[in-house]
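The values are calculated or read from the model by the stated rules, or taken from the named source; none is laboratory data. Here the structure is a predicted model, which means the values were calculated and not measured. Neighbour counts run over all protein chains shown; Cβ positions are idealised from the backbone, glycine included.
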Amino acid sequence: MRVFVTGATGFIGSAVVPELLHAGHQVLGLARSDAGAQALRAMGAEVLRGDLDDLDGLRKGAAESDGVVHAAFNHDFSKFAENSAADKRAIEVIGSVLEGSDRPLVVTAGIFPTSGRPTTEDDAPPSGHGGTPRLSEQTALALVERGVRASVVRLSQIHDRDRHGLVSYLMAIAREKGISAYVGTGLNRWPAAHRLDAAPVYRLALERGTAGARYQVVGEEGVPLRDIAEAIGRGFKIPVVALSAEEAPGHFGWLAFFAGMDAPASSLLTQQRLGWRPVQPAGMRDDLDHASAFAV
């Protein structure tokens, strides 16, 4: 099929595009820059110039394709509410084109905590995704009622040796402040998965996914924050410090909520429903131990 991919040159999209091409699909990738367009062409994809604010471009890309993977999001957290609103508009515009056509739409979301146990694919998100303004999952699933074959891929902390999801922000704070910190005992957990294990989930959701389904990209159910902080400390050769919950906001800023969050998650149902398995040998700890940021 011909697949329109937003965020095609981003951290996730740049793995999804070759995954789709290798499986025999054609790809029309959204690119904001000349460099992005060149990178897509080098991979063998077609290019549509534009961004998430170009709603006519999004309509065009969806109209010219047999399915859509929405992997784009602006991760400038100083404008998180604004960027979340743009994300919602983009999903709704793409959905309006696909409505009633049975062409699949795969939308990206995050994994949220579920008290007392790992979050599963059958858990519905809390209202407002736990108080954050990003509503990509809720927006996508609302489209199902309008006849869109929409499904959701929930991402854990996606990593390779260059980037590590929210851990990259922890690294930036540690570098700036000269200490690597965790909150309390640091036994709270973040789920994680390798970037190259994430890409096949998007492809399989596109090919086999059912309307309203949620799939979770999880290779490790929960990596303790203390382990992450210790790896960052080793990498930057700086002290590792335990902070109290009261001290956390002053150190982590907007990341304090996440730094204290215990959010283990499972991908068992995704593995059963899509026939997917995480196969990359490198876990979060290994990629942190060999992170390119520490070589700078």
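Do we find a residue being aliphatic (A, V, I, L, M) and in a helix (DSSP H, G or I) anywhere in the stretch 238-248? Write out each step before concluding.
Filtering the stretch 238-248 for residues aliphatic (A, V, I, L, M) gives 238, 240-243, 245, 248.
Adding the requirement that they be in a helix (DSSP H, G or I) leaves 248.
Checked the stretch 238-248: at least one residue is aliphatic (A, V, I, L, M) and in a helix (DSSP H, G or I).
Got at least one residue in the stretch 186-204 being without any contact (Cβ under 8 Å) to a residue 40 or more places away in the chain and assigned to a helix (DSSP H, G or I)?
For the stretch 186-204, residues without any contact (Cβ under 8 Å) to a residue 40 or more places away in the chain and assigned to a helix (DSSP H, G or I): absent.
Which residues, taken from the stretch 273-288, are surrounded by 15 or more Cβ atoms within 10 Å (Cβ to Cβ) and not in a helix (DSSP H, G or I)?
Filtering the stretch 273-288 down to residues surrounded by 15 or more Cβ atoms within 10 Å (Cβ to Cβ) leaves 273-274, 276, 278, 280, 282-288.
Scanning the stretch 273-288 gives Trp276, Pro278, Gln280, Ala282, Gly283.
A quick yes/no check of all residues on (1) over 29 Å from Ser78 (Cβ atoms); (2) in the same structural domain as His290 (by TED's automatic domain parsing):
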| site | (1), (2) |
| --- | --- |
| Ala90 | no, no |
| Gly95 | no, no |
| Pro104 | yes, no |
| Ala109 | no, no |
| Pro125 | no, no |
| Ile173 | no, yes |
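Does the stretch 115-129 contain any residue that is touching a helix residue (DSSP H, G or I) at 6+ places or on another chain (Cβ under 9 Å) and not in a loop (DSSP other than H, G, I, E, B)?
There is at least one residue in the stretch 115-129 that is touching a helix residue (DSSP H, G or I) at 6+ places or on another chain (Cβ under 9 Å) and not in a loop (DSSP other than H, G, I, E, B).
Considering the stretch 161-212 alone, what residues qualify as being closer than 30 Å to Leu98 by Cβ, over 15 Å from the mean Cα position of the chain (by Cα) and surrounded by fewer than 23 Cβ atoms within 10 Å (Cβ to Cβ)?
Leu204, Glu207, Arg208, Thr210, Ala211, Gly212
Pull out all pairs, ordered by first then second residue, where Cβ-Cβ is under 7 Å, the residues are six or more apart or on different chains, the first lies in the stretch 59-76 and is at pLDDT 95 or above, and the second is surrounded by fewer than 16 Cβ atoms within 10 Å (Cβ to Cβ) and basic (Lys, Arg).
Ser65/Arg2; Asp66/Arg2
Given Tyr182, Tyr215, which one is farther than 24 Å from Pro125 by Cβ, in a strand (DSSP E or B) and not small (Gly, Ala, Ser)? Can you show your working first?
Details: Tyr215 fails: farther than 24 Å from Pro125 by Cβ.
Unique residue meeting the criteria: Tyr182.
On the given criteria, is Ala23 touching a residue at least 60 places away in the same chain (Cβ under 8 Å) and either surrounded by fewer than 17 Cβ atoms within 10 Å (Cβ to Cβ) or polar (S, T, N, Q) (or both)? Before you say what the answer is, go through the steps one by one.
Working: touching a residue at least 60 places away in the same chain (Cβ under 8 Å): yes; either surrounded by fewer than 17 Cβ atoms within 10 Å (Cβ to Cβ) or polar (S, T, N, Q) (or both): yes.
Against the criterion (touching a residue at least 60 places away in the same chain (Cβ under 8 Å) and either surrounded by fewer than 17 Cβ atoms within 10 Å (Cβ to Cβ) or polar (S, T, N, Q) (or both)), Ala23 qualifies.
Take the residues in the stretch 61-92 that are assigned to a helix (DSSP H, G or I) and in contact with an Asp or Glu (Cβ under 9 Å, 6 or more places away or on another chain); name whichever of them is nearest to Glu207 (Cα to Cα).
Pass one, the stretch 61-92, residues assigned to a helix (DSSP H, G or I): 61-63, 77-92.
Remaining after also requiring in contact with an Asp or Glu (Cβ under 9 Å, 6 or more places away or on another chain): 82-83, 86, 89-90.
On the way: Glu82: 32, Asn83: 29, Ala86: 27, Arg89: 25, Ala90: 22 Å.
Once the filter is applied, the top-ranked residue is Ala90.
Can you tell which of Leu58, Leu48, Leu21 is in a helix (DSSP H, G or I), farther than 20 Å from Ala140 by Cβ, over 17 Å from the mean Cα position of the chain (by Cα) and not small (Gly, Ala, Ser)?
Details: Leu58 fails: farther than 20 Å from Ala140 by Cβ; Leu48 fails: in a helix (DSSP H, G or I).
After ruling out the rest, the residue left standing is Leu21.
Looking only at the stretch 259-272, which residues are in a helix (DSSP H, G or I), crowded, with 18+ Cβ neighbours inside 10 Å and either of a type in the set (Gly, Ala, Ser) or out of contact with any Phe, Trp or Tyr (no Cβ under 7 Å at 6 or more places or on another chain) (or both)? Before the answer, list the steps.
Looking only at the stretch 259-272, we keep the residues that are in a helix (DSSP H, G or I), and these are 259, 268-272.
Cutting the leftovers down to crowded, with 18+ Cβ neighbours inside 10 Å gives us 259, 270.
If the condition is that a residue be in a helix (DSSP H, G or I), crowded, with 18+ Cβ neighbours inside 10 Å and either of a type in the set (Gly, Ala, Ser) or out of contact with any Phe, Trp or Tyr (no Cβ under 7 Å at 6 or more places or on another chain) (or both), then Ala259 is the only one that fits.
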